[in-house]
C-alpha cells in the first residue's frame, strides 16, 4: 500500500508544484515544457513500442493522448491560474462522482440513489466553497471560472476513462504511458501556440524544480508506483485511497503555499470530501450487509 500512498502524494502535490512554476512562465507553457521533459524521458521506450502497434490502434492513441493530456492538463493548469490550489485540488477530488454520472448519462450504467444524494451534497459543497472564497485576495482567491475549468478537465477525464482502460488492456500499461506522453506532447503544441499569453521565461530555482517534479514525479513515477501497488493492494482499498487525494493536496497547499481557508471554504471542502468518500464507502458497506 505504501507505493500507492506515495503515488497519491505525488499527484496531490502536482497543482502546488504548478503554482511555483507560474512564477517562471505562463501556465500553458508549463504544460508544454512539462510534457516535453516527460517525452524525452520515455522516448526510447516509445520507439520500441510504437512499431508494434497497428494503425487502427494508433488512431485511438492519438485521440486519447489529446483528451488525457492536452485537454485535461490545459484546463487544469489554466484554471489553476485563476483560483487557489486548495480549491483546484478539491475539484479534482470530484472525479469519482463524475465517473459515475458520466456512466449514467452516456454509458447506461445506472447511478444508485446514494450517488444522487452524495452528488447533491458535493455540488452544494462546491457552491459553499466558491462563495466563501470569492472575496479573498492573492493566493487564497477562489474563482468560479477557474473552478469550472478544473471541473471540465474532470468531466473529460471521466468521459474517456472506459475508452482508456480498453486501450490499455490491449497495448499494456507501460506502452500506453510512453506512447500517450509522446503523442500528448505533440497534440499540445498547436494549442500552446494559440493559448499562451506570454512567452517570457524568468528562470528560477523553484520553477525549474517544479517543472521536473511535474514531468518526472507526477507524469511517470506516480503512475509506475500506483500500478506496482495494484499488484498487492485490493482494488476496493485503492478506490478508497483515491478519495484521500484532495486531503493531501489541501495540506500541501496550506503548508507549502501558505494558503488559508475561511470557515465557508473549509465547510465547502469538507462537504465535497464527505460526499466523495461516502459514495465510495457506502456501496461497499451495503454489499457487505447484503
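Residue under question is residue 2, and the condition is that it be within 30 Å of residue 251 (Cβ to Cβ) and surrounded by fewer than 16 Cβ atoms within 10 Å (Cβ to Cβ); does it hold? I'd like the intermediate steps shown before the answer.
On the way: within 30 Å of residue 251 (Cβ to Cβ): yes; surrounded by fewer than 16 Cβ atoms within 10 Å (Cβ to Cβ): yes.
When the stated conditions are applied, residue 2 passes them.
For (1) closer than 15 Å to residue 60 by Cβ; (2) at pLDDT 90 or above; (3) not assigned by the TED database to the domain that holds residue 88, each residue gets a yes or a no:
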residue: 148; (1), (2), (3): no, yes, no
residue: 156; (1), (2), (3): no, yes, no
residue: 159; (1), (2), (3): yes, yes, no
residue: 164; (1), (2), (3): yes, no, no
residue: 172; (1), (2), (3): yes, no, no
residue: 176; (1), (2), (3): yes, no, no
residue: 180; (1), (2), (3): yes, yes, no
residue: 186; (1), (2), (3): no, yes, no
residue: 193; (1), (2), (3): no, yes, no
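Kindly indicate whether residue 20 is out of contact with any strand residue (DSSP E or B) (no Cβ under 8 Å at 6 or more places or on another chain), in a helix (DSSP H, G or I) and more than 20 Å from residue 225 (Cα to Cα).
Values: out of contact with any strand residue (DSSP E or B) (no Cβ under 8 Å at 6 or more places or on another chain): yes; in a helix (DSSP H, G or I): yes; more than 20 Å from residue 225 (Cα to Cα): yes.
Against the criterion (out of contact with any strand residue (DSSP E or B) (no Cβ under 8 Å at 6 or more places or on another chain), in a helix (DSSP H, G or I) and more than 20 Å from residue 225 (Cα to Cα)), residue 20 qualifies.
Among (1) at pLDDT below 85; (2) over 30 Å from residue 65 (Cβ atoms); (3) buried (at least 17 other Cβ atoms within 10 Å of the Cβ), which single condition is residue 290 missing?
For residue 290, the exception is condition (3).
The values are calculated or read from the model by the stated rules, or taken from the named source; none is laboratory data. This is a predicted model, so every value here is computed, not measured. Heads up, the Cβs are rebuilt from the backbone with ideal geometry, glycines too, and the neighbour counts pull from every protein chain shown.
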